[in-house]
Amino acid sequence: MFVGRSSLLNLINEMVPVADGQTTPVLVIEGCGGSGRTRLLTKIAEEWQGKTPTVLVRPLELDGDDDSAVRPVLAAAMLGLSVGAPGYNISFPRVILAHIAMQENDADINPDVALVRLRERINTYTDRTALTAFLTRLVEAVGALAGNIKFPGAAEIAPDTARGIAEAIVMRLQRSTWLVKRTWSSQVWSWFGHQGQGLSTEPENALLRLARQYRSEDADIRRDVDDLLVAALLADLRYGLANAANRPANVVVLLDDADTAAARSFVRSLIRVRRAIADIPRNPESALPDPLTIVTTSGGLLAGELAAEQPAAQHWDETELPGTVRLSGSWLRVSTADLSRDNVFQLTKGFDWPDHIGTGRIASPVYRLTRGHPQSTEFVLKRLQAQPSWLNTVDLDQLLHGVEDTLLLPFVRALDEKRVVNPALLTALITLSAARNRQEAGALTTLLPAPVGRDSQLFTSPTLWIGRDGRLRPLVRYLGMRALSRRPADDDASWTVVFETLRANTDTAGRLHHDRMLGHRDQVAAELAELRGGMRCADWLALLDEVTATVDPRERDIDVIRGVDQPSTSVGHIARLLGVIPALDHDPCLTVPADIKILRAHARHSFTRIADDGDDPLPCLLRADRYQD
């Protein structure tokens, strides 16, 4: 069931229709692991396939060592777009000719011999049968990356499908007169000389250079190869659709998991080539519309590289997208938001629940736990549905027991460009969950497993650490803290070792917070009581909020939370608040209504009592009112 994302879908639907004389910026949708980015692209593909050539490219399907080159992603995009849509007959003669040049590695042979071999290859593939066989092999090699050619779960592309796509491409080439009189058209051939950028190169030499360079590991040479291939794709689209009558929409390439090396190279090259074409005065290529809309997803790596290389992009939070976004610049960045409370309610309604339980009774605590993180929300709802005995109290504590690591895996997987779970990163994330923010987490680097350090994606990810002060996402931190609490006492990064390390490297609020997490509630209460006399009440409450900002997942029993004795002093009441406030305000697994009612009464009573300890009781009295039933 797909819920939410309406503002983001509206933005994309604005980017696909043709905009006269305007190049559509690359849209980078940035989000953490499990945020529903792939599902969003699938939804977009379903929306536009059949209306305009649309392909969902999945670079993670790429198999092989040469995974940083643009070639497979570009070829998959070409093949997927070749499936077409009514009214769109796109052929890709320049891209195909470039792939013919790259069919063999001519880097290590005499240039004159290499030129002869290149001419032979080009002449060979003017034959329809030979060209069809060549394209069939190309479909079989990289077509798996295109979602409209090979669907997820399929073992391989059916041979009939591969040959059918190849035959359709050849038919379009012949029908469009790009391949005439058994030779490549002069317009296609001459393009390799100028490449739409005012170059003065012999076309044959440009293709020979491509044939000799495309396997190079040199970064500068790879960039040249990438840019030529991407320029060929853009030219084929520009010329192929230049005379399309009443074309309502651009062609759409949806690039999932664009943090992979090949996808990043493709996007960066596309932006470079577009800029190079636009920067040439009176460039004939610029007179043709650029009919390509690209939407990519990123966990932060692609967006970080573009931010470092390109002029600053418009950066929107999904929840703050205006009704109309000015589509300017080379790229546009949107950070995904978690599902709203209403979205989670609607998602919950899609499940079958016992008649005596209303949707809100389940949706509310689930939202409090997951904060609307899509994959986690779906996981929790499915697990609740499978265990009816947990439903009466919505027992999330029991539900989470032993599956904390499972729920953390999507976040860890997103830190790897190939989306592979690194066990060291999972261990490190659990350790870092004790820190209140990224700066404080730096004190824990000596406790992390090698080779995880401050330069790791674990520290630098903009989707894992959020807010101005860089705090771990609340769900990630809570799950990590639960996992940390299960580590044995003799672990090198046990609960005690981690919090003692943090305690030694922080400010007053942090020290008191960590002392509380180490079980020193009474000592913390005594120090807070002493500070109360010399601080404004509002400032003291702000300090108390910092000290109680984290729930201790080890404290599950209500008597442990509130303390067994009735407090008779200010220190005693503060000690009670040190247990009650984290549970009430920050424990998503506190779901039993009777327990909540008892703890709220304790909070109200203790805030009222300590209001008398200073000259300005009003802030404490107002705080007590928060806990009225």
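The values are calculated or read from the model by the stated rules, or taken from the named source; none is laboratory data. What you are looking at is a predicted structure, and each value in this text was computed from that prediction instead of being measured. Cβ coordinates were reconstructed from backbone atoms using ideal geometry, including for glycine residues, and neighbour counts include every protein chain displayed. Calculation scope for accessible area: heavy atoms of the full protein, side chains included, ligands and nucleic acids excluded. Shrake-Rupley method; radii C 1.70, N 1.55, O 1.52, S 1.80 Å.
About the Cα centre of the range 159-266, how large is the charge dipole given +1 on each Lys and Arg Cβ and -1 on each Asp and Glu Cβ? Please answer in debye to the nearest 20. Can you show the working numbers first?
Working: 13 positive and 14 negative charges, 123 e Å.
Magnitude of the dipole: close to 580 debye.
Give, rounded to the nearest 20 debye, the magnitude of the charge dipole that the range 418-551 has about its Cα centre when Lys and Arg contribute +1 at Cβ and Asp and Glu contribute -1 at Cβ. Don't skip to the end; give the middle numbers.
On the way: 18 positive and 15 negative charges, 135 e Å.
Dipole size: approximately 640 debye.
If we count every other residue with Cβ under 12 angstrom of S340's Cβ, Lys/Arg +1 and Asp/Glu -1, where does the sum land?
On the way: positive: R5, R341, R371; negative: E318, D338, D342.
Its environment carries a net charge of 0.
Short version: ³J(HN,Hα) in whole Hz for each residue of the range 436-445, in order, from phi by Karplus 6.51 cos²θ - 1.76 cosθ + 1.60 (θ = phi - 60°), x for Gly and Pro, what are they?
Each residue's phi maps through the Karplus curve to give 6, 7, 5, 4, 5, 4, x, 5, 9, 4 Hz.
Sort K43, K51 by accessible area with a 1.4 Å probe, largest first. Could you put the intermediate results ahead of the total?
Working: K43 80, K51 105 Å².
Correct descending sequence by accessible area is K51, K43.
What ³J(HN,Hα) values, in whole Hz, does the Karplus curve 6.51 cos²θ - 1.76 cosθ + 1.60 give for the range 118-124 when θ = phi - 60°, with x put for Gly and Pro?
4, 4, 5, 5, 4, 5, 4
Tally Lys and Arg at +1 and Asp and Glu at -1 over the other residues with C-beta under 15 Å from the C-beta of A542: what net charge comes out?
Numbers: positive: R436, R532, R536, R623, R626; negative: D469, D507, D539, D545, E546, D585, D616.
With Lys, Arg at +1 and Asp, Glu at -1, the neighbours total -2.
Per-residue counts of other Cβ atoms within 10 Å, averaged by peptide: what ranking do you get for 264-271, 409-416, highest first? Please report the intermediate quantities before stating the final value.
Working: 264-271: 24.1, 409-416: 22.2.
Result, highest mean first: 264-271, 409-416.
Starting from the amide H of W316, placed 1.01 Å from N in the peptide plane, find each other amide H under 5 Å away whose residue is 5 or more places distant or on another chain.
Sorted by chain and number, the residues that satisfy this are R333, V334, S335.
Under 16 Å from a point 7 Å along the Cα-to-Cβ line of L9: which residues of the range 28-49 have their amide N that close?
Once the point is set 7 Å along Cα→Cβ of L9, 36-49 turn out to lie under 16 Å by backbone N, inside the range 28-49.
Counting only helical runs of four or more DSSP H residues, what would the 222 nm mean residue ellipticity of the chain come to if each run contributes -39,500 (n - 2.57) and the total is spread over all its residues? Display every interim value, and only then the final one.
Numbers: 30 runs with 332 residues, N = 629.
Taken over the chain, the calculation gives -16000 deg cm²/dmol.
Got a number for the accessible area of E47? Probe 1.4 Å, square angstrom, nearest 10.
Taking all protein chains as shown, E47 has close to 80 Å².
To the nearest 10 degrees, how steep is helix 203-213 against the longest Cα principal axis of the chain, on a 0 to 90 scale?
The answer is roughly 50 degrees.
Can you divide the C-alpha Rg of the range 501-576 by 2.2 N^0.38 Å and report the result to two decimal places?
On the way: Rg = 12.5 Å, N = 76, 2.2 N^0.38 = 11.4 Å.
That ratio works out to 1.09.
With every atom except the alpha carbons ignored, what do you get for Rg and Dmax of the range 552-629, in angstroms?
Reported Rg and Dmax, both Å: 12.3, 37.
Across the chain, how many lysine pairs, 8 or more positions apart or on different chains, have C-alpha atoms separated by under 21 Å? Please give the number. Kindly include the intermediate steps, with their values, before the conclusion.
Working: K43/K51; K43/K150; K43/K349; K51/K150; K150/K418; K349/K382.
Total qualifying Lys-Lys pairs in the chain comes to 6.
From the P(r) of the range 341-419, could you give the percentage of C-alpha pairs in the tail past 16 Å? Don't jump to the answer; show the numbers that get you there.
Working: 1521 of 3081 pairs.
Tail of P(r) above 16 Å: 49 percent of Cα pairs.
If you take the charge dipole of the chain about its Cα centre, with +1 on Lys and Arg Cβ and -1 on Asp and Glu Cβ, which of L518, T126, V16 is farthest toward its positive end?
T126
So what's the range 174-275 giving for Rg/Rh, alpha carbon basis, Kirkwood Rh from the mean inverse pair distance?
Numbers: Rg = 15.3 Å, Rh = 15.4 Å.
Radius of gyration relative to Kirkwood radius: 1.00.
Tally up the carbon and sulfur contribution to the accessible surface of the chain as a whole percent, 1.4 Å probe, everything protein left in place.
Values: 12980 of 26820 Å².
With neighbouring chains kept in place, the figure for the chain is 48 percent.
Where does the chain land on Rg/Rh, using Cα atoms and the Kirkwood Rh?
Computed over Cα atoms, the ratio is 1.08.
Might you tell me the accessible area per residue for the chain, computed with a 1.4 Å probe and given in Å²? Numbers along the way, then the final one.
On the way: 26820 Å² over 629 residues.
Ligands and nucleic acids excluded, the result is 43 Å² per residue.
If amide H atoms are built 1.01 Å from N in the plane of the peptide, which residues on other chains or at least 5 residues away come under 5 Å of the amide H of L56?
The answer is G147, N148, L254.
With a ≥ b ≥ c taken as the square roots of the eigenvalues of the C-alpha gyration tensor of the range 498-629, please select rounded if a/c is under 1.5 and otherwise prolate if a/b is larger than b/c or oblate if it is not?
Values: a/c = 1.65, a/b = 1.02, b/c = 1.61.
Oblate, since a/c reaches 1.5 and b/c is not below a/b.
Between the helical axis of 570-586 and the dominant principal axis of the chain, each derived from Cα atoms, what acute angle in degrees is found, rounded to the nearest 10?
Between the helix axis and the principal axis of the chain, the angle is about 30 degrees.
Note the angle between two axes, namely the Cα long axis of helix 219-241 and the longest principal axis of the Cα atoms of the chain, as a number of degrees from 0 to 90, rounded to the nearest 10.
70
Per residue of the range 323-338, what does 6.51 cos²θ - 1.76 cosθ + 1.60 with θ = phi - 60° give for ³J(HN,Hα)? Whole Hz please, x for Gly and Pro, Karplus curve as stated.
x, 10, 9, 6, 8, 9, x, 8, 8, 10, 10, 10, 8, 5, 9, 6
By average Cβ neighbour count within 10 Å, what is the ranking of 560-572, 475-487 from highest down?
Working: 560-572: 15.6, 475-487: 22.0.
Highest mean packing first, the order is 475-487, 560-572.
Any idea what % of Cα-Cα pairs in the range 400-513 are farther than 19 Å?
On the way: 2650 of 6441 pairs.
Result for the distance tail: 41 percent.
What residues qualify as long-range amide H neighbours of A414, i.e. H under 5 Å apart, gap of 5 or more or another chain, H built at 1.01 Å from N?
G33
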